[in-house]
Amino acid sequence: MKVVFDHLAVRYPFWSLTANGVFSPGIHLVSGDVGSGKSTLALMMAGLRAPDDGAVIREGVNRIMLSFQFPEFHVTGLSIAEECASWNLEPDAVIRSAGIDTDEETPVLSLSRGELKRLHLSCILSLDYDLLLLDEPFSSLDCLGKEQVCRQISKRSGGITVLFTHEQSIFPQIDHIWELIGGGLVDCGDMPGAVLNWQHAPPLVKKLICVGRIPRSLTNNDIMEAACRTRG
Amino acid sequence: MQDPRLRLLCAFMLSLAAFASITGAVAVVVWWMVFTPRWRSIRHRHALIATLVLFGIVAGVMTLTGSGDGLSYLVRMIAILLVGSWVYAESAADDFLAVGTWCLGTRIGFEVGMIAGMAMQMAAGLSDDFRRIRIAIQQKGQSWGTRSIVPAGRVLIHDAIRRADETAEVLAMRGYRNGGTMCPHFHTPVRDVVAGTCAAVALALAYFPVSEFFILYR
């Protein structure tokens with residue numbers, strides 16, 4: 001199973017994006033500034049937008065899900081029960097998993113943005129996808145919400161998971177890092193070596209690299225371990 | 001058409017003409033062909049075609065059941081649809097504010113114009129929302145078809161009401177009570193006046209049979 005960006009290019013009058021690379025099973029992080037083209041790349045990877053040049057080749061990928069940054073874009077039911085039914089999920093289990101204090105007859109769009117995001121992520125993370133694309137999965141979430149989502153993402157076994165985010169503080173167990181710089185997709189490599197090539201690395205990770213303590217992964221525990229590591 | 005006052009007046013007269021009789025509807029279609037950019041004035045062609053199909057089905061049912069003149073209904077609805085598409089494509093949200101204030105003053109007129117402008121902006125966003133819901137339904141593994149239109153429509157309407165509520169709250173928080181200050185300016189080229197006059201003629205044709213104009217020669 002893999003997704004290949006084969007000389008992919010998108011062109012707008014004042015902006016362009018090129019990408020080459022192979023996404024194999026595991027958890028990938030695509031980082032980049034706001035407006036760098038993360039969402040466009042996610043749309044092309046999901047097959048919802050055609051590239052101007054090149055191609056996205058999906059091998060062994062059948063079930064694809066792109067989670068949009070705005071959870072409202074996924075709503076097709078009026079109540080929480082209807083929305084969960086549209087995902088073929090039991091509302092009680094989803095409400096418990098999302099940690100929302102409400103009942104299943106509550107109108108979905110009356111939830112706060114953060115609650116709706118948690119509900120939506122609980123739905124998609126309860127299902128199996130060969131290719132799961134998460135566009136800014138941490139937006140609208142507080143720290144506890146982000147950590148919960150990270151735990152759920154880290155638990156995913158098999159398939160290709162790609163996080164498109166400019167998040168700088170909380171991450172799941174990342175296997176591979178990519179970043180968008182100057183209109184191009186740069187392959188930083190596999191963890192833990194990828195952080196050495198990662199220009200968008202969080203300040204704490206950069207400081208750790210400066211003192212020669214490379215974290216094994218980007219989870220809080222591994223960053224703490226690197227920070228507290230004693231030189232042997 | 002550059003003058004929004006004449007544009008709205010034309011739309012009103014042409015809609016009445018198309019609704020009144022098949023003669024009026026034909027006159028409206030002729031007017032549309034002469035004074036608008038025709039197909040280029042239609043923003044959402046797929047939506048227009050879908051609506052035409054719907055009207056065609058209703059007309060067919062009317063004809064088959066004998067409950068009315070299906071052909072007349074179809075021609076009149078096509079004319080109204082073309083006029084509506086033209087007004088929608090040519091109007092900007094602040095046109096309504098300008099016309100409302102010019103027509104009914106800075107209190108009621110401003111309010112009516114602002115509401116119409118907001119409705120216009122919301123209508124422009126609805127097609128994007130509809131496209132997103134379609135993608136969402138497909139991503140959930142459900143097939144998109146006629147059965148999906150009703151649930152999608154429910155979500156769209158619910159979302160539109162929710163957004164309207166939020167907009168009202170924002171306006172209230174910014175201290176808006178009613179009315180506002182505005183000095184609208186309009187540009188009225190000769191072509192707009194000619195188009196307006198012709199729209200009035202179309203309306204007259206719809207309500208008064210052509211033979212009435214030539215009564216002396218009967």
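Whats the longest run of chain A with zero trypsin sites (Lys or Arg not before Pro) that are DSSP loop and have at most 16 other Cβ atoms within 10 Å?
Numbers: sites that count: A:ARG49, A:ARG63, A:LYS155, A:ARG216, A:ARG229, A:ARG231.
So the longest stretch without any such site is A:64-154.
In nm², what is the average projected area of the convex hull enclosing the Cα atoms of the range A:8-115? All intermediate terms of the calculation are to be shown ahead of the outcome.
Numbers: hull surface 35.6 nm².
Mean shadow area of the hull around the Cα atoms is 8.9 nm².
Counting only other chains, and only Cβ atoms inside 10 Å, what mean value do you get across the residues of B:130-143?
Rounded to a whole number, the mean comes out at 5.
Quote the charge dipole size of the protein assembly as shown about the Cα centre in Debye, to the nearest 20; the model charges only the Cβ of Lys and Arg (+1) and of Asp and Glu (-1).
Here the protein assembly as shown has a charge dipole of around 660 debye.
Taking θ = phi - 60°, what integer Hz values does the Karplus form 6.51 cos²θ - 1.76 cosθ + 1.60 yield along the range A:65-80, in sequence order, with x for Gly and Pro?
Per residue, the Karplus-derived 3J(HN,Hα) values read 9, 10, 8, 6, 4, 9, x, 4, 5, 9, 6, 10, x, 7, 9, 4 Hz.
Which whole number gives the average, over all residues in A:123-129, of C-beta atoms from other chains lying within 10 Å of the residue C-beta?
Per residue, the number of nearby Cβ atoms from other chains is 1 on average.
Counting each DSSP H run of 4 or more residues in chain B as -39500 (n - 2.57), what helix-only mean residue ellipticity at 222 nm follows after dividing by all residues, to the nearest 500 deg cm²/dmol?
-25500 deg cm²/dmol
Using the Karplus equation 6.51 cos²θ - 1.76 cosθ + 1.60 (θ = phi - 60°), what ³J(HN,Hα) coupling, rounded to whole Hz, does each residue of the range A:87-92 give in order, writing x for Gly and Pro?
9, 6, 10, 7, x, 4
Below 8 Å between Cα atoms, with a sequence gap of 6+, how large is the relative contact order for the range A:1-110 in percent? Mind showing how you got there, number by number?
Details: 133 pairs, mean separation 26.5, N = 110.
Relative contact order of the range A:1-110: 24 percent.
Evaluate the relative contact order of chain A (contact order divided by residue number), counting alpha-carbon pairs under 8 angstrom at least 6 apart; express in whole percent. Could the numbers behind the result be given before it?
Details: 438 pairs, mean separation 54.6, N = 232.
Dividing the mean separation by the residue count of chain A yields 24 percent.
Using only the Cα atoms of the range A:11-57, each taken as one equal point scatterer with no solvent, compute I(q) by the Debye sum, divide by I(0), and report log10 of the ratio at q = 0.17, 0.18, 0.25 Å⁻¹.
Log-scaled intensity ratios, in q order: -0.54, -0.61, -1.16.
Mean separation of Cα pairs under 8 Å and 6+ residues apart, divided by the residue count of chain B: what relative contact order is that in percent?
35
Bins of 5 Å, beginning at zero and ending with the bin holding the largest distance: percent of Cα pairs per bin for chain B, please.
Per 5 Å bin, starting at 0, the Cα pair percentages come out as 1, 6, 11, 13, 15, 15, 14, 11, 7, 4, 2, 1, 0, 0.
If we count other beta carbons within 10 Å of each Cβ, what is the order of A:LEU180, A:LEU196, fewest first?
Working: A:LEU180 23, A:LEU196 11.
With the fewest neighbours first, A:LEU180, A:LEU196 line up as A:LEU196, A:LEU180.
Quick check on packing: order B:199-208, B:137-146 by the mean number of other C-beta atoms within 10 Å, highest mean leading.
My ranking of the peptides, most packed first, is B:199-208, B:137-146.
Which residues' amide hydrogens lie under 5 Å from the amide hydrogen of A:GLY189, considering only partners 5 or more residues apart or on another chain, with H built in the peptide plane?
Here the answer is A:ILE177, since their amide H atoms fall under 5 Å of that of A:GLY189.
Can you tell which of B:VAL194, B:GLN121, B:ILE137 lies farthest toward the positive end of the dipole of the range B:84-218, using +1 and -1 charges on the Cβ of basic and acidic side chains (Lys, Arg; Asp, Glu)?
B:ILE137
Radius of gyration and Dmax for the range A:107-232's Cα atoms, expressed in Å?
Calculated on Cα positions, Rg and Dmax stand at 15.8, 57 Å.
Given +1 on the Cβ of Lys and Arg, -1 on the Cβ of Asp and Glu, and no further charges, what dipole in debye does the range B:119-218 carry about its Cα centre, rounded to the nearest 20?
360
Counting only Cα atoms, I'd like the Rg/Rh figure for the range B:56-153, Kirkwood definition for Rh.
Checking Rg against Rh, the ratio lands at 1.14.
With charges only on Cβ, +1 for K and R and -1 for D and E, what is the dipole size of the range A:106-232 about its Cα centre, in debye, rounded to 20?
500
For the protein assembly as shown, restrict the atom set to alpha-carbon positions and state the Rg and Dmax in Å.
Taking only Cα atoms of the protein assembly as shown, I get Rg and Dmax of 28.6, 115 Å.
Treating cross-link reach as a plain straight distance, find the lysines whose alpha-carbon is under 23 Å from the alpha-carbon of A:LYS117, omitting any fewer than eight places away in the same chain.
A:LYS38, A:LYS146, A:LYS155, B:LYS140
For chain A, build the charge dipole from Cβ charges (+1 Lys, Arg; -1 Asp, Glu) around the Cα centre, then report which of A:SER157, A:ILE57, A:THR219 sits farthest towards its positive end.
Positive-end residue among those listed: A:THR219.
Among B:ALA11, B:LEU97, B:VAL30, pick out the residue whose Cα is farthest towards the positive end of the charge dipole of chain B, where Lys and Arg carry +1 and Asp and Glu carry -1 on C-beta, about the Cα centre.
The listed residue farthest towards the positive side: B:VAL30.
So what J values fall out for the range A:42-47 if you push phi through Karplus, 6.51 cos²θ - 1.76 cosθ + 1.60 with θ = phi - 60°, rounded to Hz, Gly and Pro as x?
5, 4, 5, 5, 7, x
Here, each number is a calculation from the coordinates, and none is a lab measurement. Keep in mind that this is a model prediction, so the values were computed, not measured. Note that we place each Cβ from the backbone using ideal geometry, even for glycine, and neighbour counts take in every protein chain shown.
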